[in-house]
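Single-structure report; data block below.
The values are calculated or read from the model by the stated rules, or taken from the named source; none is laboratory data. This structure is a prediction, so every number in the text was calculated from the model and none was measured. Cβ sites come from the backbone with ideal geometry, for glycine too, and all protein chains shown count toward neighbours. For the accessible areas, the whole protein counts, side chains as well, though only heavy atoms, and no ligand, DNA or RNA atoms are used. Shrake-Rupley method; radii C 1.70, N 1.55, O 1.52, S 1.80 Å.
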Amino acid sequence: MFGLFKSKPAAGLSSTVAPEVGTPLKRETAFTTAPTALPPAAYNRCKPVGVFGDPPNATFRPTAIDGESSTGFLVAAHGRRPPLALVNRLTDKPTFEIWQMQPGAEQTFAKQLPVSLTPEQSTWHSFVLAEAACLPGDQMVLGVSHRAPTPRKSLFLYDLATQRVTSLGPIEPDTSKGLPFRLFETWPVAANAALVLFHTEQLRLKAEVYVQKYDRLMLFSDRYPQGLEVLKLGLDDGNVRRWAMAGKTLWLDTVDLRTNATFVWSLDLSKVI
């Protein structure tokens, strides 16, 4: 009967490499000393802005001012697609809007576009755009904070030309580096390829101290426009503290704060980049 009171062993939090990568995650003894300089991100047409006033009469400035403005992102025109603006509306029920802007006049609003993220959106009390970044293939990754009714964070892929939205699922902010907490990071790994790092499933270590069970790395490129999750890094192999590219090899410096164990890993991405 005493066995009823024995605690169960903690489930393992191991890592998974996408089959397309073709090589396993490799343990290293030291971090690379010859990182490759990151290439210019040819796909980056996004810039954060402060939004003063309400669309369609709002104006944009390079930075927001607390108490005087909201936040948003301007996306430059590309091909036949006109410029766009993604604007947070800080009303009693905060939301964000997407607007098509006049070609050649990014300060002039032309037409509001629908924001349809997920069928559950109708039950949300509010939703705002916390972070956003441009990706290859004329796409954006959107980090959305919403109340349903408790506060949650979710990640979405937004096709700028078709307005199609794909949910990448619930995420957890990275609290390891202090404020402001980041929802994701984007890393250019080639002129038209980017890695997105985000985190899922928190684990509480003690009061107000959390770690992520998984760090997720997705590759976006012309070859993988919808994203390829090249690595799902389990906490048993640490959370990412530092990263670098050496040629087409990804290097990761990680720590498992449950034990303060540190690791260095490499992953050859030459078959997918």
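For segment 210-233, the candidate set comprises residues that are touching a residue at least 40 places away in the same chain (Cβ under 8 Å) and open to solvent by 50 Å² or more (accessible area, probe 1.4 Å); within that set, the residue that is nearest to L269 (Cα to Cα) is E229.
Selection within segment 255-273: residues that are under 17 Å from E229 (Cβ atoms) and part of a strand (DSSP E or B). The member of this set that is least open to solvent (accessible area, probe 1.4 Å) is L267. If you filter segment 119-143 down to residues that are within 19 Å of T200 (Cβ to Cβ) and open to solvent by 40 Å² or more (accessible area, probe 1.4 Å), you find that the one that is farthest from the chain's Cα centre (by Cα) is E120. Could you check, for segment 98-112, whether at least one of its residues is open to solvent by less than 20 Å² (accessible area, probe 1.4 Å), in a strand (DSSP E or B), farther than 21 Å from N44 by Cα and not charged (D, E, K, R)? There is no residue in segment 98-112 that is open to solvent by less than 20 Å² (accessible area, probe 1.4 Å), in a strand (DSSP E or B), farther than 21 Å from N44 by Cα and not charged (D, E, K, R).
Could you tell me which residue of segment 19-68 is nearest to R89 (Cα to Cα), considering only residues that are of a type in the set (V, I, T) and not in a strand (DSSP E or B)?
I65
Within the span defined as segment 221-236, one or more residues are in a loop (DSSP other than H, G, I, E, B), out of contact with any His (no Cβ under 6 Å at 6 or more places or on another chain) and hydroxyl-bearing (S, T, Y). Scanning segment 240-251 for residues that are over 14 Å from T36 (Cα atoms) and either aliphatic (A, V, I, L, M) or open to solvent by less than 20 Å² (accessible area, probe 1.4 Å) (or both) yields a single hit, V240. Among the residues of segment 54-96 satisfying the criterion of being open to solvent by less than 30 Å² (accessible area, probe 1.4 Å) and polar (S, T, N, Q), which is farthest from Q139 (Cα to Cα)? Within segment 54-96, the match that is farthest from Q139 (Cα to Cα) is S69.
Which residues, counting only those in segment 162-182, are part of a loop (DSSP other than H, G, I, E, B) and either within 23 Å of W251 (Cβ to Cβ) or open to solvent by 60 Å² or more (accessible area, probe 1.4 Å) (or both)?
Hits for segment 162-182 are T162, Q163, R164, S176, K177, L179, P180, F181.
Pairing each residue of segment 116-136 that is within 15 Å of Q163 (Cα to Cα) with any residue that is of a type in the set (K, R), provided the two are 6+ apart or on different chains, yields C-beta distances under 8 Å for C134/R45.
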